[in-house]
Every structure is written in structure tokens, then in C-alpha cells.
Amino acid sequence: MRNSEVNVSLEAALSDTRLKRYLRDSGGLIDAALSLYERNARLAEAFYRPLQSLEVCLRNNLSRELAARYGANWFLNGGPPLEADAVEKINYAIDDLRRSGRAPTPGAVIAELSFGFWVMILARKYDANLWRSTFAKVFLEGGRRMARQPVHNRMDAIRNFRNRVFHHEPIYHLNPQQVHDDIIQAIGWMCPHTAAWAWEHSRVPHVLANPWPP
């Protein structure tokens, strides 16, 4: 349990900048702010599994369609009409693998590419040459193919949220219940069974219902 001495040490360790929002939302009381910080950390931890499920599902679905259309080495053979920023991310992933002594096999490169890369290739500039020919079949709602823009908007919003989680920023004020619903729904666009599995194993509903440690 924390006491006043621990609170003083934590305030110094975490910094005024990081605690600014927590203090503001806690009336300037450091003990309440640290409790809110702990609550936020529990919530961020709980989001790891549904975010992981979405990221893996997205990259595997998109890479499978790219491989089917352009070959297993699509990331090297110049087949997909990728622009310079996407190619740069691929080259960085390959270089990173080689620096760590790992071969840039298709599976390794796909896993190494960031979530941002997969969201990027759903953007408007790829509507005519990748979305319509390659990715549109991946995303279904009510049995019907979806338009690209709502898919990209959702994935990009989740990407921003994911970055906040992984950079240890506050998320408790961002309607986490709705974000969780959005993540599960986005997985369901690609695979309803995976969405059901992700929801079943997610701790987010439990943490939202029990926000404070016992």
C-alpha cells in the first residue's frame, strides 16, 4: 500500500508532466492522482490482448491477400503499387531483422512490420489499386463488402489509441468501453469467430466493471 512517503517518491519518479492530467482530474490531490494512474495502468494492461488480436488478424489477412496476388515475396518483388513511405517501412523492417541476425523470411517481415504500416496501406491513396483489387474482400459487415473509408478510419483511430497504450499515456478518459467495442467489431469484419474469441479472453470488461484494485 502507498503512504505519504511513497507518494512523494512516485511523484518525483513519474514526473509532474506525466502526472499533470491525473492531478487535474483528481483536484490536485497527489494520492488520488496516483490511484487514477494505477487504474489507468490496469486498464492499459487489459487492452493488450484485444489490441494484439486485432493487429495479428489485420496483418495476416492483408498479407495473405498480397501474397495471393503478388507472390510470397511481395514485400521485395516490387509487385504491389506501394509508395515510398510504405517501401521505407518495409526496408526498415528487413534491416532490423538482419541487424538482429534473423533472415527476412515472409513470416518474419510480416511480423516485423508495424501496425502503422498495415493501416497505411488501407488509406485513400490505395483505394483504386490495392483496396478494390486486393483488400475489399477481407472486410465484411452483414455479409456485404465494406467501403474502404470507414475501415481505414476505424483502424487509424485504434492505431492512435494503441500508441497511447504503448506509450503509457492516459486512456481512462477516452470512453474505453466504446473503444473496446470498436476493436472487437473491427476484428469481426475480418473474422467473426476470432472476434468472439478475442472478446471472451479480453479482461477489459472486468477491469471496467472493477476499476479499482481490491
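Other residues with beta-carbon under 11 Å from the beta-carbon of PHE75 carry, at +1 per Lys or Arg and -1 per Asp or Glu, a net charge of 0. For the chain, a Gaussian network of Cα nodes joined below 10 Å ranks ALA86, ALA103, ALA157 by mean-square fluctuation, and the top entry is ALA103. By the rule of a C-alpha distance below 18 Å, with chain neighbours fewer than 8 residues away ignored, the aspartates and glutamates paired with LYS89 are GLU55, GLU112, ASP156. Farthest towards the positive end of the charge dipole of the chain, among the residues ASN40, GLY101, ALA195, is the Cα of ALA195, using unit charges on the Cβ of Lys, Arg, Asp and Glu. Return the whole-Å distance between the Cα centroid of segment 88-135 and the Cα centroid of segment 1-55. When both Cα centres are located, 34 Å separates them. Sorting 24-36, 175-187 by average packing, meaning the other beta carbons within 10 Å per residue, from highest down gives 175-187, 24-36.
Distance distribution P(r), segment 1-44, all Cα-Cα pairs, bin width 5 angstrom from 0: 6, 24, 35, 27, 8, 0 percent. Calculated from the structure at hand, semi-axes √(5λ) of the Cα gyration tensor in Å is found among (i) 26, 24, 15; (ii) 31, 21, 17; (iii) 38, 21, 15 as (iii). Label sites at SER133 and ALA32, each approximated as a point 7 angstrom past Cα along Cα to Cβ, lie 5.9 nm apart.
Each value in this text was obtained by applying a stated rule to the coordinates, not by laboratory testing. It should be emphasised that the depicted structure is a prediction, and the values quoted were computed from it without experimental measurement. Neighbour counts are summed over all protein chains in view; Cβ atoms, including those assigned to glycine, are modelled from backbone coordinates with ideal geometry.
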